[in-house]
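Accompanying notes for the structure given below.
No lab work stands behind these numbers, since they all come straight from the coordinates. Just so you know, these numbers come straight off a predicted model, no measurement behind them. When we count neighbours, we look across all protein chains shown, and the Cβ atoms used for this are built from the backbone with ideal geometry, even at glycine.
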C-alpha cells in the first residue's frame with residue numbers, strides 16, 4: 001500500500017481525497033488543512049490524521065506521495081520540502097506566480113532528479129489525448145492551426161478571483177499547456193492577447209471576464225485560445241487541430257447521448273457536464289495512475305515541473321501583450 005499525504009482540502013483537494021480513497025493502491029494517511037471547517041469535514045469523511053503542522057507530515061517516513069492542492073503561494077515551499085525528504089510529489093497548477101522562484105526550484109528538481117508530476121490533467125483526457133495520438137500518427141499531415149475553447153459555467157467566488165493570479169495564470173494556463181502538448185518540440189515564438197469584462201467586479205479586482213489569445217509557433221502553427229468565466233449552456237471544452245490533410249476534434253461531454261424526436265422538435269441534446277470535476281473525472285484518475293507508476297519507477301511524466309514553468313512564462317507574456325498592446329516575442 002502506498003501512503004499519501006494531501007495538503008489542502010479545498011474544492012480540488014476534496015476531489016483528490018475522494019480519488020485517492022477509491023484507489024486500491026493508495027491509503028490517505030494525512031490531510032493538512034488550516035481552516036477549521038475544512039479540517040472537520042476531512043475528519044468526518046476520512047479515517048486519517050488531520051494536521052496543521054506540515055513539517056510533521058514531510059518528516060514521517062511512512063509517507064510516500066505528497067499531494068499539493070493548497071494555495072498557490074505554498075506550492076514551491078512544499079515542493080522543496082518534498083524534495084528534501086525524497087517524496088514523490090504531485091502539485092496543482094500554477095507552480096507559483098513568481099517565475100524567478102520557479103527557476104530557482106527547478107535547479108533543485110534537476111539536481112536531485114525528483115519525481116514530480118504537475119496537475120495539467122487535460123493532457124490525460126481521453127478525447128484530448130486521442131487526437132494527440134492521431135496527430136502524431138500523421139492522420140492530418142502537417143499541423144497548421146490549434147483552436148481551443150474553454151468557458152466556465154459560472155465564475156468562481158470574489159475571494160478566489162482576487163488571489164488566483166488572473167485569468168491567464170489561473171484559467172488559460174491549462175490551454176497554454178495543452179497547446180504545448182500538441183506542438184510537441186515546436187516552441188511558441190510570439191503571442192498577442194485581448195480581454196473584455198462586462199461585470200464591473202472584474203475591473204475592481206483587476207481581472208478579466210473574457211480573454212482571447214493568438215499565438216504563433218516557431219514552425220508557423222497558429223494557436224487561438226478563447227476563455228470565458230461564464231457560459232449559459234454549461235462547461236464548454238473544445239479542441240480543434242487543423243492540418244494540411246484534415247481536422248481532428250475533441251468536443252464537449254454530456255450526461256447521456258440521448259435525443260428526443262417528436263412533433264414539436266427534431267431533437268434535443270442534454271446539457272454539458274457541469275464543471276471540471278465532472279468533465280475531467282476520467283483524466284484525473286488516469287493522471288493518478290501515472291503518479292502511482294512514477295512512484296514505483298522514475299520516468300518522465302506526461303506533465304512535468306518544466307511544463308509548469310513554460311505555461312507560466314506564456315501566461316506572463318500574455319499579460320505583457322495586454323498591457324503593452326502589442327505582439328510579444330518569446331525567447
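Things to note:
- Rounded to 10°, Cα long-axis angle of helix 75-84 versus longest principal axis of the chain: 50 degrees
- Between the helical axis of 173-183 and the longest alpha-carbon principal axis of the chain there is an angle of about 70 degrees.
- DSSP finds beta bridges in the chain, and of those with both partners inside it, around 55 percent are antiparallel.
- Potential extension, residue 214-residue 136 segment - 0.36 nm per residue separation minus Cα distance: 25.8 nm
- The label point for residue 80 and the one for residue 233, both projected 7 Å from the Cα toward the Cβ, are 4.8 nm apart.
- FRET efficiency, residue 247 to residue 326 (Cβ-Cβ, R0 45 Å, nearest 0.05): 0.90
- Inter-label distance for residue 145 and residue 35, nm, one decimal - labels placed 7 Å from Cα along Cα-to-Cβ: 4.2 nm
- Per-peptide packing, taken as the mean over residues of other Cβ atoms within 10 Å, places 179-191, 161-173 in the sequence 161-173, 179-191 from highest down.
- Placing a label point 7 Å from the Cα of residue 3 along the Cα-to-Cβ direction, the residues of segment 42-78 whose backbone N falls under 11 Å of that point are 49, 57-65.
- Dividing the summed -39500 (n - 2.57) terms of all DSSP H runs of n ≥ 4 by the residue count of the chain sets its mean residue ellipticity at 222 nm at -11500 deg cm²/dmol.
- Packing, as the average of other Cβ atoms within 10 Å across residues, places the peptides 320-331, 217-228 in the order 217-228, 320-331, highest first.
- Spin-label pair residue 52-residue 113: with each label point 7 Å from Cα along the Cα-Cβ axis, the two points sit 4.1 nm from one another.
- Compared with the dominant principal axis of the Cα atoms in the chain, helix 11-22 is inclined by about 70°.
- Protection proxy ranking of 8-21, 115-128, by the mean of other Cβ atoms within 10 Å over each peptide's residues and highest first, is 115-128, 8-21.
- Taking a ≥ b ≥ c as the square roots of the eigenvalues of the Cα gyration tensor, an a/c ratio of 1.5 or more together with a/b no larger than b/c marks segment 54-209 as oblate.
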